[in-house]
Amino acid sequence: MDVLKTLAAEKPVVVFSKSNCAMIHSVKALIIGFGTYPEVIEIDKMPNGQQLERALIQLGSRPSVPAVFIGQQFIGGADELSILNVQDKLAPLLLRAGAIFLWSE
């Protein structure tokens, strides 16, 4: 779990994924639409990928990927990210995390 926290702290927006994850494209497009680029970490290409996947599942990420962290806070997957966007809560999260600096509706 400490490795997960360390990796999630490297950038304002970090998305854990796998190279065969179809939802990563939607997640990236949504986040990029706000003017920021997420750090995407493909856990299946990492030596400790299985350990990271277990840690994501322990956090409640189901399925395990994509798993989105904004400002070191675990947000969830594609569904949770979309819900935040529809509720107009995603932009404020990105602002607080320093991922974007300006936003007007």
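Values in this text are rule-based calculations from the coordinates and carry no lab data. What you see is a predicted model, and the numbers here were worked out from it, not measured in a lab. Glycine also receives a Cβ, built like all others from the backbone with ideal geometry; neighbour counts cover every protein chain displayed.
Values for this structure:
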quantity	calculated
Residue pairs meeting the criteria (Cβ under 8 Å; at least 6 apart or on separate chains; first under 23 Å from residue 97 (Cβ atoms), in the stretch 33-56; second surrounded by fewer than 14 Cβ atoms within 10 Å (Cβ to Cβ))	34/103; 38/32; 39/10; 42/19; 52/3; 55/1; 55/3
Hits in the stretch 1-40 (condition: surrounded by 20 or more Cβ atoms within 10 Å (Cβ to Cβ) and either under 10 Å from residue 66 (Cβ atoms) or in contact with a Lys or Arg (Cβ under 6 Å, 6 or more places away or on another chain) (or both))	15, 16, 17, 21, 24, 27, 38
Hits in the stretch 1-20 - residues which are in contact (Cβ under 8 Å) with a residue 24 or more places away in the chain and assigned to a helix (DSSP H, G or I)	3, 4, 5, 7, 8
